[in-house]
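Notes follow once the structure below has been shown.
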Amino acid sequence: MHDDKAVKDSLSGTTAISVGFHAGRITVSNVGDSRCVLGYRTENDSTPMEEEKKEIGEEDFLSQSKNRKLSPGELIAIPLSEDQTPYRIDERERLKKSGARVMTIDQIDGLVPMDENRGVLDLGEDIDEEGDPPRVWCQDHKYPGTAFSRSLGDTVGEDIGVTAEPEIITKEITKGDEILVIASDGIFEFLTNQRVIDICSECDNPQQACANLLQASYEQWLHYELRTDDITCIVLFLKNGKPNDDEAVKKLMAINQRVKKVQASKKPRGGSMRQLEE
């Protein structure tokens, strides 16, 4: 891309997520903030306590298990990718070490003070209702302003840590793996991972699932905004007779607890906070 003179990628680029099937495994490679989510059917003889651990991870289980329970045979959403954005603490620190400034539009415009001590919000479980995400900036300039921390292209951003290095997750395919959704970040802007899987599970085939998912996302965008972001999706219905591997699922969910962002003070969406495309 950089070598093609016809492609002007100094301040433009793209996220990319790919899924490969091989030897009974699924491998997801992710750059940016598009997302892959698996609809996983828990075993009928599994206890709600064990399934709770799979969904939220070991470290949060004790604090949350009293508040909610899952039933055996329930279809739960398992993220197979991690959003790569400055919301993630590990990505934020990596960017800073590369010389980047990490600020929202309101912060860089001096409308709100800098604040590193914010609450934690899980991007797959919660919805960002503010619309002013932290972005990546050069030290002395108001660019590139990307809301993602990795991408293909974005030559200017490469010098401050916006790389094209993917994160890769591999999982054995089992009979509990029923639905696979690969979608751009616009799908998940106002729909949680679980809501996305629930919408697909109500459909008779993948084509209907795609149509319903796009419609639900479109309606939410028009409810919150006067525009829509890119809402592209692929849905697969899976069938496999291999027994579930509960321990593998539990470890996978623990890894994906890193998919977190830092939440700013509450304020309505819109205004200067949405001047740049995410």
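The values are calculated or read from the model by the stated rules, or taken from the named source; none is laboratory data. Quick caveat: nothing in here was measured; it's all calculated off a predicted structure. Areas reflect the complete protein model, heavy atoms only, side chains present, ligands, DNA and RNA absent. Shrake-Rupley method; radii C 1.70, N 1.55, O 1.52, S 1.80 Å.
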Area of CYS36 that stays accessible when all protein chains are in place (1.4 Å probe, Å², to 10)
0
From phi via Karplus (6.51, -1.76, 1.60), per-residue ³J(HN,Hα) for the stretch 133-144 in Hz, x at Gly/Pro
x, x, 10, 9, 10, 5, 4, 10, 9, 8, 7, x
For the stretch 105-111, take each phi angle, set θ = phi - 60°, evaluate the Karplus expression 6.51 cos²θ - 1.76 cosθ + 1.60, and give the result in whole Hz per residue in order, putting x for glycine and proline.
5, 4, 5, 5, 8, x, 7
Pop out the ³J(HN,Hα) list for the stretch 24-40 in order, Karplus 6.51 cos²θ - 1.76 cosθ + 1.60 with θ = phi - 60°, rounded to Hz; leave Gly and Pro as x.
x, 10, 10, 10, 10, 10, 10, 10, x, 10, 6, 9, 10, 10, 9, x, 10
Built amide H within the under 5 Å cut-off of GLY73, gap 5+:
THR42, GLU43, ASN44, SER46
